[in-house]
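Since every read-out is calculated from the coordinates, none of them should be taken as a lab result. Values in this document were obtained by computation on a predicted structure and should not be read as measured data. Note: ideal-geometry Cβ built from the backbone for every residue, glycine included; neighbour counts use all protein chains shown.
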Amino acid sequence: MAQSVKEIKVDENSPLFDKTGMLHKEFPSDFRQIRYFTLLIVQSAPPDIKDVNLLEQQISEIIKNAVKHGNKCDTAKKVRVWYDFSPEHAHLIVEDEGPGFQDLEKWNDFNRKRQAALEGNDFETLSEYVSFRGERADDNDGGNALFAALEYWDGGFVFNSKRNCVSTLKLFPKKRQGIKVSR
Amino acid sequence: MLDSIINVLRGPLLAKLALAVLLVVTFLFLRKKDTEGSMSGYAVMAGLLALREFAFAFFPNPALFDATDLALACGLLFLSFRPFRLGWAFWVPVSVDAAAFALLALEGLGALQAGFPGHQTLRLAGLLPAAAFVFVPFFLRSQADTPARNLSLRSAFPLALGLALYIAAGSLLDIDGALFSILVSTLLYGLVFSLVLIFVDIVQGELISAVDYYEESVDSLYDLLLSTGTAMRSESFLQDVVDNMLRTVVERCGADGGVLLLSDEFDETVSVRSLYGSYPPPFKLPETLPKEQERVESFVRHARFKLGEGILGEVSRTGKHVFVPQAGPDSPLPDNGDEAWLKAGAFIASPLIVRDRIIGAVSVVKGGAGSFTERDFDRCKLLANFGSIAVANSFSFLEAAERSDIEREADIAAEVQATLIPKELPGLRGLEIGAFTTPAYGVCSDYYDAIQTKAEKVLLVVGEAAGKGVAAGVVLVMIRAILHLITASTKDTATLLQWVNRGITGKVDSDHYASLCLASIDSRSGQAEIASAGHQSALLLRASDGSLEALDAASVPLGVARGTAYGQSSIGLSEGDVLVLYTDGIVEAMNAQGRQYGLKGLGSAVQRAKGLGAEGLAERIKEDLDQFAGLARPHDDRTILVIKRTRA
């Protein structure tokens, strides 16, 4: 069964934008402090979450996008973060004051082709889709952090209509103790 | 008439009848131990014998006596071989006997001319069943698999011999004569009685072998529990538990090798976790896999099956055992090639079930022409049942250990943090200090301090490390150590911050971040010097007009860059003025409705309690915050330091 291609969605009314009960912090868009902000956020993750380092890394990527691509590292501009963790999920909303992710459709298109090349074992085509580069990307942008992010945030990856606010959800699978007997 | 009755009574009849009744009772008694119904048949036989004796005592007709002897011989033959399915070997002697019986009966009733062909001759037809008793068992020897069949086979030879003797003696001797009556006819009883003895012996033998089997089972269970139990002491103990369990199952089932599979935590699959001995795979190997012993073994060792996939996946899905006693055309095992080490002959697979959950499966094989017995299968089932519990216990133990690791870390972090908090706050004329801190479980990242630097000067410190647990504790320890070393200097608070920042930035690794607020206050003049590194803005309440002010200064937290220059601001505190330093956990505290306490909540709590001393203020703020947050789980430490200027 071919898996439906994951993509970045735009849906202002997505339930993922419901901030009820979520913790909230605001930060200046200081690139050097991204890891610091991330640590402050992950602080509230319950100790039961297993791969907390990966979670930290993925949160850091999203904040980095907001600081760098959204607010262009303008420290006068703020990044607002809402977050909520439990052993079963991690929910994050990050909002910047930038113009929004304009290349979103381009990125989805790029990802679809990349995915098709990957599934068709077409490595020649795939080599053209190794890294996505927006017009303002610099040498520090790997161009593939979003691929990993989309894989990681398996509960959804949604932008608002203005595309300056992204909401992501990660579901942690519950450990199964054995298989229910099916006779 | 009376005489004849007395004669009969004087004769051996009563003794014989008593013997016959005894036999009937014995057979009926043995019925309890006989599940196949043979004993009832023999009881009927003994009854008929008694009936015959009784009838003969009053109607001594030798031809009828011989006829009933043949009937009895056929009856014994029938009962003996009833547990088997027999063809001609059974019916030939029976039909010959039936013919002889018919002739004898006719002769006995006087329908035939006397002496045709003579009852002594016809009686010899009874030798045929005797012969059958000798020969038939040769063909049935391999089928002695139930007590009744075993009885038939073991009693065949004594019966043959006894019957032959009895029939022959009857032909030679006079049936009415005392010699026959005393010596020979009792032989018949002896024969029937020997059946009783043989049957009792068989039952006894079964019992002993059952006891042996159970003793061995208990022994193997002991072995299993010992090997899995002691494994729990080692480091990689789950692996050891499954390894030891599999080894015990393989050895106790007399198998050549086996595998143990466990269900995977997140997927609908089972994976091989242990391989022992030689295990020709009972599933189809991929064509591309080279048929080299090492490669195949490695493939099996890492095999993984979806539920229902292949014979092992099927056992893990249905929880049903699979038993293939030996290789054959009916075997469900695939053919992976002609190599001897690829040929699985006999195969057993048992699910590992705990309550209603399948946690895996264990499977053993015997290669080539080897075979498993029912007992091996039972043993495998037994060990799988008990082994499942050992494996499930290991899971529980692991989970508990993991939990206790998490808890231990949280406890250590809380202890570290507790040692950093000052035991008592310094008392200075003209300045009151109050504080509280409540750590959130597993976080423990807040720190506060009040360090008296001169007779009239105190340095107030509130900070929060980014991160949590022991990692945060380490940062706090570093900050505190540096602070206590440098506060003796006359430098201003901004410089102190710069020094602390240098101390924790970049040298070890780049992961030590903290926000910190320092306030150095002169208790005489009321002059305060405040410097902040990315910390929450201090809150100032002016006593004169009751106004609140957040002393906001955007700054970079500690640990970001070694060369960060920090600024500071100076304010003058008048009598009754209150300065509040606090951490994120205070203003970001959330109630069950999802509302944050915020600077607003804190400000109004301070305003409402402004008449109290610093300690009272801190206490009142804590109460207000606790009331606001209710039972909602705290996500962060909550720390407050309150300074109030009083009359000097």
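How big is region B:367-451 in terms of Cα radius of gyration and Dmax, in angstroms?
So, for region B:367-451, Rg and Dmax equal 28.9, 98 Å respectively.
Could you list A:Ser161, B:Ser394, B:Ser155 so that the one with the fewest beta carbons within 10 Å of its beta carbon is first and the one with the most is last?
A:Ser161, B:Ser394, B:Ser155
From the P(r) of chain A, could you give the percentage of C-alpha pairs in the tail past 25 Å?
Percent of Cα pairs beyond 25 Å in chain A: 38.
Taking only the alpha-carbon atoms of the protein assembly as shown, what semi-axes of the equivalent ellipsoid follow from 5 times the gyration tensor eigenvalues under a square root, in whole Å, largest first?
Those come to 98, 33, 21 Å.
Just to confirm a number: summing +1 for Lys and Arg and -1 for Asp and Glu over residues other than B:His535 whose beta-carbon lies under 13 angstrom from that of B:His535, what do you get?
Result for the local shell: -4.
If I model a spin label as a point 7 Å beyond the Cα along the Cα-Cβ vector, how far apart are those points for A:Gln57 and A:Val181 in nm?
Simple spin-label model gives 4.3 nm for this pair.
Equivalent-ellipsoid semi-axes (√(5λ), Cα gyration tensor) for region B:487-582, whole Å, largest first?
On the way: eigenvalues 155, 42, 15 Å².
Semi-axes (√(5λ), whole Å): 28, 15, 9.
Sort A:77-85, B:123-131 by packing, meaning the average of other beta carbons within 10 Å per residue, with the highest value first.
B:123-131, A:77-85
Quick one: if you stick a label point 7 Å off each Cα along the C-beta vector at A:Arg32 and B:Glu623, how many nm between them?
About 4.5 nm, to one decimal.
In the neighborhood of B:Glu432, defined by Cβ-to-Cβ distances under 14 Å, what is the net charge if each Lys or Arg adds +1 and each Asp or Glu adds -1? Kindly include the intermediate steps, with their values, before the conclusion.
On the way: positive: B:Arg429, B:Lys610, B:Arg620, B:Lys644, B:Arg645, B:Arg647; negative: B:Glu424, B:Glu575, B:Asp577, B:Glu615, B:Glu619.
With Lys, Arg at +1 and Asp, Glu at -1, the net is +1.
What translational D, rounded to a whole number of µm²/s, comes out for chain B from Stokes-Einstein when the hydrodynamic radius is the Kirkwood one over Cα pairs, at 25 °C and 0.890 mPa s?
71
Calculate the length of the line joining the C-alpha centroid of region A:61-128 to that of region B:174-242, in whole Å.
75
Going Cα to Cα from A:Lys78, which lysines come in below 19 Å? Please leave out same-chain ones fewer than 8 positions away.
Partners within reach: A:Lys19, A:Lys25, A:Lys64, A:Lys68, A:Lys162.
Using unit Cβ charges (K, R positive; D, E negative) and no other charged atoms, how large, in debye to the nearest 20, is the dipole of region B:175-254 about its Cα centre?
Numbers: 3 positive and 12 negative charges, 24 e Å.
Dipole of region B:175-254, to the nearest 20 debye: 120 debye.
Using the Cβ atoms and a cut-off under 13 Å, what net charge is assigned to the surroundings of B:Ser547, where Lys and Arg are +1 and Asp and Glu are -1?
-1
Taking beta carbons within 10 Å but only from partner chains, what does the mean come to for residues A:43-52? Walk me through the numbers before you get to the answer.
Working: counts 16, 10, 4, 5, 11, 4, 0, 1, 0, 1.
Across the residues of A:43-52, the mean count of other-chain Cβ atoms within 10 Å is 5.
What shape does region B:409-531 take by its C-alpha gyration tensor, where a ≥ b ≥ c are the square roots of the eigenvalues and a/c under 1.5 counts as rounded, a/b above b/c as prolate, and the rest as oblate?
Taking the square roots of the gyration eigenvalues as a ≥ b ≥ c, region B:409-531 is oblate.
What size of dipole, in debye to the nearest 20, comes out for the protein assembly as shown about its Cα centre when the only charges are +1 on Lys and Arg C-beta atoms and -1 on Asp and Glu C-beta atoms? Intermediate results must be reported in sequence, preceding the final value.
Working: 83 positive and 102 negative charges, 190 e Å.
Value, rounded to 20: 920 debye.
Below 21 Å, Cα to Cα, which lysines can B:Lys381 reach? Residues fewer than 8 away in the same chain don't count.
A:Lys180, B:Lys320, B:Lys366
Where a ≥ b ≥ c are the square roots of the eigenvalues of the C-alpha gyration tensor, would you call region B:540-648 rounded, which needs a/c under 1.5, or, failing that, prolate if a/b is larger than b/c, or oblate?
Because a/c hits 1.5 or more and a/b fails to exceed b/c, region B:540-648 counts as oblate.
Tell me which lysines have Cα within less than 23 Å of A:Lys113's Cα, excluding those fewer than 8 residues away on the same chain?
Of all the lysines, those that pass the test against A:Lys113 - Cα under 23 Å, at least 8 places apart if same chain - are A:Lys6, A:Lys9.
At 7 Å along the Cα-to-beta-carbon direction for both B:Ala55 and B:Glu287, put a label point, then send me their distance in nm to one decimal.
In this crude label model, B:Ala55 to B:Glu287 measures out at 7.8 nm.
Between B:Arg633 and B:Thr230, what length in nm is gained on full extension when 0.36 nm per residue of separation is reduced by their alpha carbon distance? Let's see the in-between values first.
Numbers: separation 403, 0.36 × 403 = 145.08 nm, distance 4.08 nm.
Using 0.36 nm per residue and subtracting the Cα-Cα distance, I get 141.0 nm.
Quick one: Cα centre-to-centre distance for region B:273-295 and region B:338-391, in angstrom?
17
Among B:Leu612, B:Gly463, B:Leu516, which residue has its Cα positioned farthest towards the positive end of the charge dipole of chain B, with +1 placed on the Cβ of Lys and Arg, -1 on the Cβ of Asp and Glu, and the dipole taken about the Cα centre?
After comparing all options, I get B:Leu612.
Of B:Leu548, B:Ala131, B:Ile198, which is farthest on the positive side of the dipole of the protein assembly as shown, counting Cα position, with +1 on Lys and Arg Cβ, -1 on Asp and Glu Cβ, and the Cα centre as origin?
The listed residue farthest towards the positive side: B:Leu548.
One-quarter of the Cα convex hull surface for region B:238-399, in nm²?
Seen from a random direction, the Cα hull of region B:238-399 projects 8.9 nm² on average.
Rounded to the nearest 500, what is chain B's calculated 222 nm mean residue ellipticity when only DSSP H runs of at least 4 contribute -39500 (n - 2.57) each, over all residues?
-17000 deg cm²/dmol
Would you mind getting me the FRET efficiency between A:Ala148 and B:Asp411? Use the beta-carbon distance for r and R0 = 30 Å, nearest 0.05.
0.30
For chain A, what does the helix formula give at 222 nm: sum of -39500 (n - 2.57) over DSSP H segments with n ≥ 4, over the residue count, nearest 500 deg cm²/dmol?
-8000 deg cm²/dmol
Using a 10 Å cut-off on Cβ to Cβ distances, tally the other chain neighbours for every residue of A:27-39 and report the average as a whole number.
5
Among rounded, prolate and oblate, which fits region B:419-645 when a ≥ b ≥ c are the square roots of the eigenvalues of its C-alpha gyration tensor, a/c under 1.5 means rounded, and a/b larger than b/c means prolate?
Verdict is oblate for region B:419-645.
Using 0.36 nm per residue of separation minus the Cα-Cα distance, give me the extension gain between B:Lys33 and B:Phe397 in nm, one decimal.
Extending this stretch completely gives an extra 126.4 nm.
I'd like the distance between the alpha-carbon centres of region B:131-148 and region B:14-92, rounded to an integer number of Å.
So the two Cα centres are separated by 20 Å.
Quick one: dipole size for region B:395-493, taken about the Cα centre, charges +1 on Lys/Arg Cβ and -1 on Asp/Glu Cβ, in debye to the nearest 20.
Using Cβ point charges on Lys, Arg, Asp and Glu, region B:395-493 gives about 520 debye.
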